[in-house]
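Working notes, structure below.
The values are calculated or read from the model by the stated rules, or taken from the named source; none is laboratory data. Quick caveat, the model's predicted, so the values are computed rather than measured. Ideal geometry is used to build each Cβ from the backbone, glycine not excepted, and the neighbour counts take in all protein chains shown.
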Amino acid sequence: MAQAKRERRAARKAAREREARRRARSRRLRSVAVWAVAVSGVLAGGAFLVRSSAAGVSYAGDLREGGTLEELTLPSLEDRGPIDYGDLSDRPLVINFFASWCPACIAEMPGFEQVHRRLGDRVQFLGVSQSDTRSASLDLAHETGITYPTGYDANGAFFRAAGGSGMPTTLFVMPGGRIVDVYVGAIDPGTLESLIAANFGIVV
């Protein structure tokens, strides 16, 4: 009788152990499946990026050329509260990344202001200081005379997500968020006007 009880207890223990192992395997397989789906989405070219940082920068969407900027929030360079893409998305948008350590940025920014003034409210401009100190970028904005909104990407997180490979970089975004062009390098006023005409159909 005692022997039979011991055997039943051992059998129940073995059954519990098998069930625990089965559940652990199931959890591992689910984790692998989720990871595989995420990776396959990236490899298929349909990456959907979402990132937040302690610096107050957040964004969502496929931020490459041809993708769509779904959301963007940046601290304003002048520390006057956040800049929200939702407030800019009803018009074509030119996003220009700049920094005080970038000579080409310094050279092109007055030209961006000239074109901005010529276009009025037909095209929205957004300057984004990236990987720079706030004070140095703020001084640069004042020195170059830009009056359009400026955001602060302290660690360059948004710049990298947008595929930035050199400075300056300029994004051309259609109303609603579709990124129609990513231009790397300095842009003079005439070239900027041509790019706006080609990408947005708007002539200065």
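For this structure, a couple of remarks:
- A residue that is assigned to a strand (DSSP E or B), at pLDDT 95 or above and closer than 23 Å to D84 by Cβ occurs nowhere in the stretch 183-204.
- Selection of the stretch 102-144 for residues being acidic (D, E) and within 20 Å of the chain's Cα centre (by Cα) yields only D132.
- Selection status of S100, within 30 Å of R122 (Cα to Cα), in contact with an Asp or Glu (Cβ under 6 Å, 6 or more places away or on another chain), surrounded by 11 or more Cβ atoms within 10 Å (Cβ to Cβ) and modelled with pLDDT of 95 or more: yes
- For the stretch 81-106, residues that are in contact with a Pro (Cβ under 9 Å, 6 or more places away or on another chain) and over 25 Å from E71 (Cβ atoms) total 3.
- Near pairs, Cβ below 7 angstrom, 6+ apart or cross-chain, from the stretch 92-116 (without any contact (Cβ under 8 Å) to a residue 40 or more places away in the chain) to any residue that is buried (at least 21 other Cβ atoms within 10 Å of the Cβ) and of a type in the set (D, E, K, R): W101/D132
- Qualifying positions in the stretch 139-155 - touching a Ser or Thr at 6+ places or on another chain (Cβ under 8 Å) and either in contact (Cβ under 8 Å) with a residue 60 or more places away in the chain or aromatic (F, W, Y) (or both): A141, P149, T150, G151, Y152, D153, A154, N155
- The stretch 119-167 - residue that is part of a strand (DSSP E or B) and among the hydrophobic types (A, V, I, L, M, F, W, C) and, of those, farthest from T73 (Cα to Cα): F125
- Identity of the residue in the stretch 141-168, in contact with a Phe, Trp or Tyr (Cβ under 7 Å, 6 or more places away or on another chain) and of a type outside the set (D, E, K, R), that ends up surrounded by the fewest Cβ atoms within 10 Å (Cβ to Cβ): Y148
- Residue count for the stretch 117-135, restricted to those that are without any contact (Cβ under 8 Å) to a residue 40 or more places away in the chain and under 13 Å from Y148 (Cβ atoms): 5
- Subset of the stretch 130-158 (residues that are under 20 Å from R118 (Cα atoms) and of a type in the set (A, V, I, L, M, F, W, C)): A141, I146
- Qualifying residue in the stretch 54-61 (condition: surrounded by fewer than 17 Cβ atoms within 10 Å (Cβ to Cβ), in contact with an Asp or Glu (Cβ under 8 Å, 6 or more places away or on another chain) and in contact (Cβ under 8 Å) with a residue 40 or more places away in the chain): yes
- Filtered by the rule that a residue be crowded, with 17+ Cβ neighbours inside 10 Å, out of contact with any Pro (no Cβ under 8 Å at 6 or more places or on another chain) and at pLDDT 95 or above, the stretch 63-76 gives G67, L69, E70, L72.
- Test: residue in the stretch 145-154 that is more than 21 Å from the chain's Cα centre (by Cα), more than 17 Å from T191 (Cβ to Cβ) and of a type outside the set (S, T, N, Q): yes
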